[in-house]
Amino acid sequence: MASRPRVDPTAYARERAAKIAQAKEKRERLAKERRDREGAEAEPRNPPSSDPPPPTHHGASNSSPYKQPSSSSHPPRRRKQSAPQPSLLSSFFTGPVNPSGFEFDPASFEKKRQQSQPTSESDRPSTCIAVNPAQSECCVGSADHASYTFSTRNASPLRRLYSRTAGHADWVSACAYLCDNRILTGGMDGKICLWRRGGSDCTDLFGEQGSVSVIRSLSDDSPVAASAGYDGSVVVWDCKSVSVVPTKIENRKKQLPPLTAFAHDPASLAAVTGSNNGLVSLWDLNAGTCTRAAAGKHGSQIQHVVRDCSSPSVFYTAGVDGKVGLWDTRGPLGSSTGNEIGATSSKTPLVGQNGPAPISGLCDVDSNAVVVSGGTAVALLDKRQGLAMIGSPMGGHQRPIASLIAAKGGGVCFSGAIDGMVIAHSLETLQPLYGMGANKKSSAFLETTDDRLIVTGDDGHALVYEFA
């Protein structure tokens, strides 16, 4: 790849800090104008009088762009309130409105158990999480063979996806929402269940790929999904019709090891998978082929694969070996690159006293950076400088981090540790913002909406935090 001019590693942080300051100032100005306008509308409408108009009492200065209602003329027309505009940047810079969170307890579906065993802690951990396209509902898979859905507004329970005649016979290992709000769940029993909207019955799908490790919706407009399995194959599920059509894709020459991570480009349907022995493979889901079975290899299991939000052909991988790899699928990969793991570039960002820290989280932030977590620290990496670290690692945790997610809107990421503590980190100042004691055990899974953070983990409960 052509060499790029070096830039100040902290330039990105300074630029983003300036943008967030400008956006905050604009939000405060708009909020003040809205309060002034609402105060003007609430002014009592007095009958016409020869007396001078009363003084204003809602704190508006003489330079306010909104005129005071005049008592010597016709009552002013009520201003039509416009729909609230989305904030320019993330609303997660300050703590949640409800510090204790709205709690969802799976035991709420089991009245007998709730009466006989009044415990606040589930004995089955959560194993996966997904949010529907409308951001109004969340699905959590559990080790008790069931999946649970609840409202993202107040964590009120909605459905329990399990019955004597429907559901899984083993742990639910993956879940995803289709564009039409139907739910796909995959289990260690090798079965995928397609749950209809609003119901508790499902269609059983079998891709003959062993235990299911990952399920992803492939399109925002069409009910098509893909699953990765322990037999090293990828199955594409076309759920448009009543009879679901599966397309199984395998490597023709040799069976691949169990797949543990998956990411794809919705436009081209190019995909990258990671396996439990560190192998990185490239796929063309549109053509139904494994285009490159051994594009490169980490030293151990790959836990995360993420697509670059600004470049559809670029993917990132992270593994237990502590390495983060950048894979540009347009150029040479594997042994021809001369890179240690075969990627376009790679870094070992977090190194402790005992060597490289296993990467526990990987998220794409914007066109300039990705954020990773390992050990008890979080690091921001610069895409333009071959994944060089920006600034210093962000701390705050006392125990190892188990999960990581970048908030919608940018500027903030959340990390959850094995002791249940969740900390918000500013990607502008590279400092912790606030913390929440979310779970009694590990906070293993995090999801965000435009104004909510959802946390679940090994205690089986889920908490929904609301942000202004």
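The values are calculated or read from the model by the stated rules, or taken from the named source; none is laboratory data. Just so it is clear, the model here is predicted, and its values are computed rather than measured. Quick reminder, even Gly has a Cβ in these numbers, built from the backbone with ideal geometry, and neighbours come from all protein chains shown. Heads up: the accessible areas ignore ligands, DNA and RNA and are worked out on the full protein's heavy atoms, side chains in. Shrake-Rupley method; radii C 1.70, N 1.55, O 1.52, S 1.80 Å.
Only the Cβ atoms of Lys and Arg (+1) and of Asp and Glu (-1) were treated as charged; on that basis the dipole of the stretch 415-468 about its Cα centre amounts to roughly 180 debye. The Rg/Rh ratio for the stretch 191-269 is 0.97, where Rg is the radius of gyration of the alpha carbons and Rh is the Kirkwood radius.
If you plug the beta carbon distance of residue 240 and residue 277 into 1/(1 + (r/R0)^6) with R0 = 35 Å, you get a FRET efficiency near 0.50.
Direction-averaged projected area, Cα convex hull, the stretch 255-396: 8.4 nm², rounded to one decimal. If you sort 323, 26 by accessible surface, 1.4 Å probe, largest first, the order is 26, 323.
May I ask you to derive the relative contact order of the stretch 333-409, considering only C-alpha pairs under 8 Å and at least 6 residues apart, and to give it as an integer percent? Averaging sequence separation for qualifying contacts and normalising by length gives 25 percent for the stretch 333-409. Between residue 291 and residue 100, the simple spin-label model (points 7 angstrom out along Cα→Cβ) gives 5.3 nm. Here the translational diffusion coefficient of the stretch 249-316 follows from Stokes-Einstein with Rh set to the Kirkwood radius across Cα pairs; for 37 °C and 0.692 mPa s it amounts to 275 µm²/s.
Find the relative contact order for the stretch 207-302 and round it to a whole percent, using C-alpha pairs within less than 8 Å whose residues are 6+ positions apart. Once divided by the residue count of the stretch 207-302, the mean separation gives 20 percent. Be a star and scan the stretch 398-419 for residues whose amide nitrogen sits under 19 Å from the point 7 Å along the Cα-to-Cβ vector of residue 23. Within reach of a label on residue 23: 405-415.
Between residue 253 and residue 311, the C-beta separation translates, for a Förster distance of 30 Å, into a calculated FRET efficiency of about 0.55. Taking a point 7 Å from the Cα of residue 204 along the Cα-to-Cβ direction, the residues of the stretch 149-176 with backbone N closer than 16 Å to it are 162-172. Stretching residue 367 away from residue 434 to a fully extended chain increases their span by 21.5 nm, per 0.36 nm per residue minus the current alpha-carbon distance. Residue order by solvent-accessible surface for 27, 197, 159, 216 is 197, 216, 27, 159, largest first, with ligands and nucleic acids left out and a 1.4 Å probe. For the stretch 118-232, the convex hull drawn through the C-alpha positions has a volume of 99 cubic angstrom per residue. Distant-in-sequence amide contacts of residue 412, defined by a placed amide H-H separation under 5 Å and a gap of 5 or more residues or a different chain, comprise 407, 427. Give me the percent of Cα-Cα pairs in the stretch 375-439 that sit more than 20 Å apart, rounded to a whole number. Cα-Cα pairs of the stretch 375-439 separated by over 20 Å account for 23 percent.
For the set 239, 309, solvent exposure ranked by accessible area (probe 1.4 Å, protein chains only) runs largest to smallest as 309, 239. Give the cross-link partners of residue 440 among the aspartates and glutamates, using a straight C-alpha distance below 20 Å as the criterion and excluding same-chain residues fewer than 8 apart. The qualifying aspartates and glutamates are 103, 105, 121, 123, 144, 419, 458, 459, 466.
Listed cross-link partners 383/408; 19/323; 191/240; 26/408 are compared with a 26 Å cut-off, the Cα-Cα value being larger for 19/323.
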